[in-house]
Amino acid sequence: MNPVKKLNNNPVAVSVGKNKQPSFIGSYLMQDVSVCDNLISFMDRGPQREGAVISPKGLEVNSKVKDCVENMSDYSNPACLAYQVELQKNLEQYKLDYFYANDVSPYNIENWTIQKYPCGGAYHSWHTERTNLNTIRRHLVFMTYLNDIKDGGETEFFYQKLKVKPRKGLTLIWPVDWTHTHRGVPSMTEEKYIVTGWYQFVEHIENGN
């Protein structure tokens, strides 16, 4: 059976697991993968910083936990704008697949990052995306693979018993909580590029202030 089902419009829904029970992990393949190439070029040409993780001390660089460099999105850059258009298509499909995920207060996307993992690099530790009051506004997390990885490099979901192989243009969207604890599997021979970020609830504003 072909695991890829074409929809009436972009993107393409892709099966990433064999379990028939819903995982609430949406997986969608963009049609124009040149967007990925342009983001990699943007990443390699732009300023880079070491990837940080949230610790009791605040943001902290710890390569034993997360070993990558990253660059923030730039909405004045055509490559970033083109990606945003593709990502919105994925979100619209996710809302059709899991409509109660949209039966919530308003949310939007804020800044996202492009991350480059060296050979042997990964987000090594099991983690989730909403763990304290500093991350309480997060609703959904998204991640797009910008290149194919043949040797390792999967994203592993603990409770779903699922490993997703990086495929150029494949976007995953899933809930931010502990139910979707996950980690990265390193590739010892290939570099991996991804985009990742969150949809976050809009802060309530009273009396126009």
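The values are calculated or read from the model by the stated rules, or taken from the named source; none is laboratory data. Keep in mind the model is a prediction, meaning the values are calculated, not measured. Note that we place each Cβ from the backbone using ideal geometry, even for glycine, and neighbour counts take in every protein chain shown.
Of all residues in region 25-72, count the ones that are polar (S, T, N, Q), closer than 24 Å to Lys165 by Cα and assigned to a strand (DSSP E or B). Let's see the steps before the verdict.
Start the filter on region 25-72 by keeping residues that are polar (S, T, N, Q), which leaves 27, 31, 34, 38, 41, 48, 55, 62-63, 71.
Next cut, closer than 24 Å to Lys165 by Cα only: 27, 31, 34, 38, 41, 63, 71.
Within this subset, residues satisfying the condition of being assigned to a strand (DSSP E or B) are 27, 71.
Qualifying residue count for the region: 2.
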Single condition Asp103 does not satisfy, out of (1) crowded, with 17+ Cβ neighbours inside 10 Å; (2) out of contact with any Phe, Trp or Tyr (no Cβ under 8 Å at 6 or more places or on another chain) = (1)
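So is Ala82 of a type in the set (A, V, I, L, M), touching a helix residue (DSSP H, G or I) at 6+ places or on another chain (Cβ under 7 Å), within 13 Å of Pro175 (Cα to Cα) and surrounded by 13 or more Cβ atoms within 10 Å (Cβ to Cβ) or not? Break it down stepwise before answering.
On the way: of a type in the set (A, V, I, L, M): yes; touching a helix residue (DSSP H, G or I) at 6+ places or on another chain (Cβ under 7 Å): yes; within 13 Å of Pro175 (Cα to Cα): no; surrounded by 13 or more Cβ atoms within 10 Å (Cβ to Cβ): yes.
Answer is no for this residue.
Can you give me the number of residues within region 107-123 that are in contact with a strand residue (DSSP E or B) (Cβ under 7 Å, 6 or more places away or on another chain), more than 12 Å from Tyr193 (Cα to Cα) and not polar (S, T, N, Q)? Talk me through it step by step, then tell me what you get.
Just the residues of region 107-123 that are in contact with a strand residue (DSSP E or B) (Cβ under 7 Å, 6 or more places away or on another chain), to begin with: 107-117, 122-123.
From the residues that got through so far, the ones that are more than 12 Å from Tyr193 (Cα to Cα) too are 107-112, 123.
Cutting the leftovers down to not polar (S, T, N, Q) gives us 107, 109-110, 112, 123.
Of the residues in that region, 5 qualify.
Could you list, in sequence order, all residues of region 95-131 that are among the hydrophobic types (A, V, I, L, M, F, W, C), in a loop (DSSP other than H, G, I, E, B) and either touching a Pro at 6+ places or on another chain (Cβ under 8 Å) or farther than 17 Å from Gln84 by Cβ (or both)?
Filtering region 95-131 for residues among the hydrophobic types (A, V, I, L, M, F, W, C) gives 96, 99, 101, 104, 109, 112, 114, 119, 122, 126.
Now drop any that are not in a loop (DSSP other than H, G, I, E, B), which leaves 104, 112, 119, 122, 126.
Of everything in region 95-131, those that are among the hydrophobic types (A, V, I, L, M, F, W, C), in a loop (DSSP other than H, G, I, E, B) and either touching a Pro at 6+ places or on another chain (Cβ under 8 Å) or farther than 17 Å from Gln84 by Cβ (or both) turn out to be Val104, Cys119, Ala122, Trp126.
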Does region 131-141 contain any residue that is under 19 Å from Val16 (Cβ atoms) and touching a Phe, Trp or Tyr at 6+ places or on another chain (Cβ under 7 Å)?
-> yes
Scanning region 37-69 for residues that are at pLDDT 80 or above and basic (Lys, Arg), which turns out farthest from Thr113 (Cα to Cα)?
-> Lys64
Pairing a residue in region 162-176 that is modelled with pLDDT under 95 and part of a strand (DSSP E or B) with any residue that is polar (S, T, N, Q) and surrounded by 20 or more Cβ atoms within 10 Å (Cβ to Cβ), where Cβ atoms lie under 6 Å and the two sit 6 or more apart in sequence or on different chains, gives none
By residue number, the members of region 37-62 that are of a type in the set (S, T, N, Q), surrounded by 12 or more Cβ atoms within 10 Å (Cβ to Cβ), out of contact with any Pro (no Cβ under 8 Å at 6 or more places or on another chain) and under 27 Å from Leu170 (Cβ atoms) are Gln48
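Output the residues belonging to region 47-96 that are free of Cβ contacts under 8 Å to residues at least 12 places away in the same chain and either touching a Cys at 6+ places or on another chain (Cβ under 8 Å) or hydroxyl-bearing (Ser, Thr, Tyr) (or both). Can you show your working first?
Narrowing region 47-96 to residues free of Cβ contacts under 8 Å to residues at least 12 places away in the same chain: 55-62, 75-76, 81, 85, 88, 92, 95-96.
Residues satisfying the conditions are Ser55, Tyr75, Ser76.
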Selected residue (criterion: farthest from Tyr94 (Cα to Cα)) from residues of region 135-162 that are buried (at least 19 other Cβ atoms within 10 Å of the Cβ) and aliphatic (A, V, I, L, M) | Ile149
